[in-house]
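Structure first, commentary second.
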Amino acid sequence: MERKILKNKLYLYLTEFFAGMSVMAVELGASRLLAPYFSSSQIVWTIIIGTIMIAMALGNLYGGKKADKDPNPDKLYGRILIAAIWIAAIPVVGKYIILGISGVLILAVNSNFLIIAAFIACMIIFVFPLFLLGTVTPSLVKFSVDSLDDSGSVVGKLNAFNTIGSIIGTFVPTFISIPAVGTSITFLIFAGILLILCIIYFVSSKINFKEAKKVPVSIVLFIVCCILGHNGSFAFWQTDLTFEGESIYNYLQVYENSQEVVLSTNVLFGVQSVYLKDKGMTGMYYDYAMAAPYMSGVNEKDNLDILILGNGSGTFATQCERYFDNCNIEGVEIDQKITDLAVEYFDLPKDVPVTTYDGRAYLNAIDRKYDVIMVDAYQDITIPFQMSSIEFFTLVKDHLKDDGVMVVNMNMRGQSEGNINQYLADTISHAFSEIYTVEVSGSTNRELFASNNPEMLSVFEENINLGLGRCEEELELMMARVSLDLEAYEPGEYLMTDDKAPVELLGMRVIDEIIKEEVAYYKGLYERGGLQALLDLL
């Protein structure tokens, strides 16, 4: 079917450009849509990339067949129009679909919950629109190639425009649109671009009423999606948030009440940082980590140098400054926006410098040594492999003084043999001779203290005694509790290296265990009384 606009090769190339750009933008948007619920681990990325490649491959096959049997450009741009409206609807319904799938699967599966839930969510939300966009290239080849003499050149140009669009679609969401306006509006922006592309085609073509009515209907649907989907709240059930937004790395929310201010980066997997307005202990792992300064002789030294890798909102830094007057504290935090929130909402001390950098890269760039290095970079269920290997822990050891102490917050306490904490602790034992752990009451966290000072425990006890009567009673009680609960760790043979550190799979196993424990009651209720029993409970 002849269309005047299709004689303009530039328009066809632009169609390929914007299709490629939108595919990559949706892929990156998918990672941000799923991350607050399923984490941003390599496993989730693998699921996203895999499902999108499936969609594109099927789209290429279907588009090629349709281009040969029915080379009608109206149908191609109709498919792009449908893809645009579907993408625009993702901010409206995507998070509800994810939670609905999670609610069903949490009662139906016993293992690999996150993997299955993330895969099904991707298949339902993202496969169809990207399948439609996958039909673009073979169809445009059909419309663009005039003869075999220039077929190679035309196909090459189409692929080049697609690739350039994909490059822009990769960088713009990551560095511009998502940090500036959020994931939801990013989806709407790229859906709007596709919609405009289709409107130009249909308006410039002489088409019948049946085809023409697609345009106003699509515009109305897009406007509805803009109205309903511009709110980027992932925790839509919470209406009292002090702050909600996104950075290059994270979805972020801050909420507060009369007692505390809380930072969370993952709406389904707990709290990241807590600041108590009355300046007391948090009741979280930060309190247990306060044992590290004692283990390195805080009450015997004039100055204690502390480095925090994964400073977050600065809770540990704030507590060290509150209870000790001889600490020089530095923080490293990869997410500048979290540091900004720490200053604005969490009373981060002004004399604590925070460097925006990756923790391991920072250690590689400096030659200073510290009395205490806290590793608190294991966020939610996402553990960076480069900060879990023997090479990393050796680097930490090299930046500690002879009697220095490393404290690691391990936030997923596994029970089965070969769990993530065993791997981490065994790996650490290859760099440190003295290792002690303590379970954090009321949570899945475990604090690990490591040093090459054989007198670490005796230094700990001596400095607790030296501090009696000089610090607040609540800190004394906490240190007494840590002293009582500390256990020497017996190293095993597990080892993680830069070449082999399966932290994602290990983390998923622990999550399965945690989910089983948390939903056992509700699952039993469902098995006995069905859905009605759960509704009655609500």
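A few points about this structure:
- Among the candidates ASN463, ASN452, residue that is over 28 Å from ILE116 (Cα atoms) and touching a Pro at 6+ places or on another chain (Cβ under 9 Å): ASN463
- Residue match in the stretch 389-405 (condition: touching a His at 6+ places or on another chain (Cβ under 9 Å) and of a type in the set (Ser, Thr, Tyr)): yes
- Taken residue by residue, the stretch 15-27 has no member that is of a type in the set (A, V, I, L, M, F, W, C), surrounded by 18 or more Cβ atoms within 10 Å (Cβ to Cβ) and at pLDDT below 90.
- Selection count where residues are closer than 24 Å to ALA89 by Cα, hydroxyl-bearing (Ser, Thr, Tyr) and in contact with a Ser or Thr (Cβ under 9 Å, 6 or more places away or on another chain), scope the stretch 20-76: 5
- When residues of the stretch 233-250 are limited to those that are of a type in the set (Phe, Trp, Tyr) and at pLDDT below 70, the one farthest from GLY29 (Cα to Cα): TRP237
- Criterion applied to SER273, SER296, SER264 was being buried (at least 20 other Cβ atoms within 10 Å of the Cβ), in contact with a strand residue (DSSP E or B) (Cβ under 6 Å, 6 or more places away or on another chain) and modelled with pLDDT of 85 or more, and the one residue passing it is SER296.
- Some residue of the stretch 370-377 being crowded, with 23+ Cβ neighbours inside 10 Å, within 19 Å of LEU506 (Cβ to Cβ) and charged (D, E, K, R): yes
- The one condition from (1) farther than 22 Å from SER41 by Cα; (2) in contact with a Phe, Trp or Tyr (Cβ under 9 Å, 6 or more places away or on another chain); (3) without any contact (Cβ under 8 Å) to a residue 24 or more places away in the chain that LEU105 does not meet is (1).
- Hey, ALA180 surrounded by 19 or more Cβ atoms within 10 Å (Cβ to Cβ) and modelled with pLDDT of 85 or more or not: no
- The one condition in (1) surrounded by fewer than 24 Cβ atoms within 10 Å (Cβ to Cβ); (2) in a loop (DSSP other than H, G, I, E, B) that ASN311 fails to fulfil: (1)
- Filtered by the rule that a residue be part of a helix (DSSP H, G or I), hydrophobic (A, V, I, L, M, F, W, C) and under 30 Å from PHE38 (Cβ atoms), the stretch 472-514 gives VAL503, LEU505, LEU506, MET508, VAL510, ILE511, ILE514.
- Taking the listed residues ALA55, ALA35, the one that is modelled with pLDDT of 90 or more and within 31 Å of the chain's Cα centre (by Cα) is ALA55, with no other qualifying.
- Test result for GLY280, surrounded by fewer than 24 Cβ atoms within 10 Å (Cβ to Cβ) and either touching a residue at least 12 places away in the same chain (Cβ under 8 Å) or within 30 Å of ASN257 (Cα to Cα) (or both): yes
- Positions within the stretch 298-327 being touching a residue at least 60 places away in the same chain (Cβ under 8 Å) and either outside the structural domain of LYS369 (by TED's automatic domain parsing) or over 29 Å from SER264 (Cα atoms) (or both), in sequence order: VAL298, ASN299, GLU300, LYS301, LEU304
- Every condition in (1) in a strand (DSSP E or B); (2) without any contact (Cβ under 8 Å) to a residue 60 or more places away in the chain is met by TYR275 except one, and the failing one is (2).
- Per the conditions (1) in contact with a strand residue (DSSP E or B) (Cβ under 9 Å, 6 or more places away or on another chain); (2) surrounded by fewer than 18 Cβ atoms within 10 Å (Cβ to Cβ), the sole criterion not satisfied by LYS142 is (1).
- Filtered residue count, the stretch 464-510, keeping only those that are of a type in the set (Val, Ile, Thr) and within 25 Å of LYS279 (Cβ to Cβ): 2
- Selection status of ALA30, buried (at least 22 other Cβ atoms within 10 Å of the Cβ), at pLDDT below 85 and under 17 Å from the mean Cα position of the chain (by Cα): no
The values are calculated or read from the model by the stated rules, or taken from the named source; none is laboratory data. Remember, predicted model here, so these are calculated numbers, not experimental data. In this analysis, Cβ positions are derived from the backbone assuming ideal geometry, glycine residues included, and neighbour counts consider all displayed protein chains.
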